[in-house]
Amino acid sequence: MENPTLPQQARRIAAVDVFRALTMFLMLFVNDIPGLRDVPHWLFHARADEDMMGFSDTIFPAFLFCMGMAVPLAVQARYRKGDSPLQVVAHLFWRTLALIVMGLFTLNAGGVEGGLTYEWFSVLMVIGFFLTWAIYPKATGGRRLLYTAMKAAGIALLLFLVIYRDAHGTPFETGWWGILGLIGWTYAVCAVIYLFTGDNLRLNTIAWLVVVLLSVLNHMHEPPSGFAWQMLTLSFIPGDWTLHALGMSGVVATLLMQRYATPERPGRFAAILCALGAVMLILALLCHPHWIISKIQATPTWLFYCLAMYFPLFALFYWLTDTRGKASWFRLIKPAGTATLTCYILPYLWYPLESLLGVHYPAVLDAGVPGLLKSLAFALVIVLLTGALGRIKIKLKI
């Protein structure tokens with residue numbers, strides 16, 4: 001395991017927060033539009049057998065790319081604080097576990113027939129999340145015991161929900177792990193690779209290319225069978241290597257930024273990322289005759305088309321925010337980039353509460369442009385609510 005040579009400058013990279021904030025905002029938007037009528041087909045997810053990438057199919061991979069970008073920055077920050085390699089490993093393990101656990105809960109939050117409805121199951125789930133993973137102030141004495149008791153209550157509540165489902169014959173399933181679960185497995189793969197490669201750009205680039213190759217091998221139309229092939233392609237690792245490739249692409253993008261984004265030659269970093277984007281586009285075109293563009297199948301074609309967008313986009317955001325100082329343009333959605341997990345979880349409370357309270361919107365908001373504007377407004381309200389909660393120190397952090 002390599003202790004990375006830390007970059008001298010420890011400033012927060014505005015481009016990462018802005019990219020993540022915009023991605024989270026759009027994720028809230030696209031998650032709210034299903035069910036709307038008279039909305040362009042290209043805004044939705046493509047079907048599993050449809051050779052197409054809808055706008056909704058570009059958001060989750062962008063989130064994985066952003067997650068990958070944050071891995072080197074988070075590990076470097078831990079080492080700067082004085083953490084030992086073992087402490088860093090422990091932190092990454094508990095963060096991965098938290099994401100997987102939350103992913104499984106959101107996947108299984110459909111309620112229990114003859115018992116807890118979806119609404120109450122989700123409300124209790126979110127309460128359990130906040131009790132367990134909220135940021136508690138540093139305290140001593142009685143207050144510290146109170147915070148410990150609250151955290152224990154959160155864990156107990158989540159355990160109760162698992163046992164309750166089991167008792168009613170609907171046990172928790174891993175299924176496809178849920179969005180947060182997939183993010184957790186990809187985070188684990190990228191973090192483990194980075195722990196061994198440190199900030200060595202060459203080693204991380206080699207690792208990235210290997211992960212991309214594994215994505216291709218795992219999506220062969222008629223792959224060989226047997227134990228040897230599984231060991232060669234590492235297909236037994238949870239998640240999907242296409243998703244891991246998106247995360248590792250973000251890791252490489254950050255290391256390229258730290259190496260080449262200098263005040264003396266501001267255009268060099270942008271040129272490298274735009275060149276990478278062009279290479280990814282060529283690879284996408286070469287792959288298209290062999291694989292359709294499919295998010296659900298996580299095809300290599302989909303991977304390369306996504307990366308053809310994300311590498312240049314990161315260069316654009318870096319130039320706009322960190323070079324030109326325009327991060328304030330995105331101030332309204334900033335909480336989505338700095339309290340992203342809180343922002344993602346809040347709809348699991350919002351929708352059930354709407355149902356329990358009997359909230360109904362005018363019929364005009366169920367279709368067309370008014371419906372899309374309603375979904376945009378919903379996304380903005382969730383982001384603003386996240387910011388308001390952050391100001392009173394209510395925030396999820398793993």
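The values are calculated or read from the model by the stated rules, or taken from the named source; none is laboratory data. Please read these numbers as outputs of a predicted model, since none were measured by experiment. Positions of Cβ are generated from backbone atoms using ideal geometry, with glycine treated the same way; all protein chains shown enter the neighbour counts. Just the protein is used for accessible areas: all its heavy atoms, side chains included, with ligands, DNA and RNA removed. Shrake-Rupley method; radii C 1.70, N 1.55, O 1.52, S 1.80 Å.
Okay, here's what the table says:
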quantity: Residue within region 122-138 that is in a helix (DSSP H, G or I), at pLDDT below 95 and closer than 20 Å to residue 396 by Cα present; calculated: no
quantity: Long-range neighbours under 8 Å by Cβ, at least six apart or interchain, first residue within 18 Å of residue 128 (Cα to Cα) and open to solvent by less than 90 Å² (accessible area, probe 1.4 Å) within region 139-153, second in a helix (DSSP H, G or I) and not aromatic (Phe, Trp, Tyr); calculated: 150/131; 151/131; 151/132; 153/131
quantity: So residue 78, is it in contact with a helix residue (DSSP H, G or I) (Cβ under 6 Å, 6 or more places away or on another chain) and charged (D, E, K, R); calculated: yes
quantity: Residues within region 284-303 that are surrounded by 19 or more Cβ atoms within 10 Å (Cβ to Cβ), part of a helix (DSSP H, G or I) and of a type in the set (A, V, I, L, M, F, W, C), tallied; calculated: 4
quantity: Lone qualifier among 225, 215, 249 - being under 27 Å from residue 177 (Cβ atoms) and not in a helix (DSSP H, G or I); calculated: 225
quantity: Pairs where the first residue, in region 86-104, is in contact (Cβ under 8 Å) with a residue 12 or more places away in the chain and the second is among the basic types (Lys, Arg), C-beta under 8 Å, 6+ apart; calculated: 88/78; 91/78
quantity: Members of region 202-247 that are polar (S, T, N, Q) and within 25 Å of the chain's Cα centre (by Cα); calculated: 204, 205, 215, 218, 233, 235, 242
quantity: Unmet criterion (only one of (1) in contact with a helix residue (DSSP H, G or I) (Cβ under 8 Å, 6 or more places away or on another chain); (2) not in a loop (DSSP other than H, G, I, E, B)) for residue 275; calculated: (1)
quantity: Tally of residues being of a type outside the set (A, V, I, L, M, F, W, C), in a loop (DSSP other than H, G, I, E, B) and in contact (Cβ under 8 Å) with a residue 12 or more places away in the chain across region 170-204; calculated: 7
quantity: Where a residue in region 223-251 is free of Cβ contacts under 8 Å to residues at least 24 places away in the same chain and its partner, wherever it lies, is open to solvent by less than 10 Å² (accessible area, probe 1.4 Å), with Cβ under 8 Å and at least six apart; calculated: 223/233
quantity: Evaluation of residue 311 against (1) of a type outside the set (Val, Ile, Thr); (2) under 21 Å from residue 19 (Cα atoms); (3) in contact (Cβ under 8 Å) with a residue 40 or more places away in the chain; (4) surrounded by fewer than 16 Cβ atoms within 10 Å (Cβ to Cβ) (one fails), failing number; calculated: (4)
quantity: Selection within region 107-121 - assigned to a helix (DSSP H, G or I), closer than 29 Å to residue 186 by Cβ and open to solvent by 20 Å² or more (accessible area, probe 1.4 Å); calculated: 107, 118
quantity: Those residues of region 43-87 which are among the hydroxyl-bearing types (Ser, Thr, Tyr), open to solvent by 10 Å² or more (accessible area, probe 1.4 Å) and farther than 19 Å from residue 254 by Cβ, in sequence order; calculated: 58, 84
quantity: Selection from region 15-42 of residues that are open to solvent by less than 20 Å² (accessible area, probe 1.4 Å) and closer than 25 Å to residue 315 by Cα; calculated: 15, 16, 18, 19, 21, 23, 24, 27, 28, 29, 30
quantity: Residues of region 171-192 satisfying the condition of being open to solvent by 40 Å² or more (accessible area, probe 1.4 Å) and of a type in the set (Ser, Thr, Tyr); calculated: 174
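The rows are residues; the columns are (1) over 14 Å from the mean Cα position of the chain (by Cα); (2) of a type in the set (Phe, Trp, Tyr).
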site: 26; (1), (2): no, no
site: 42; (1), (2): yes, yes
site: 48; (1), (2): yes, no
site: 72; (1), (2): yes, no
site: 84; (1), (2): yes, no
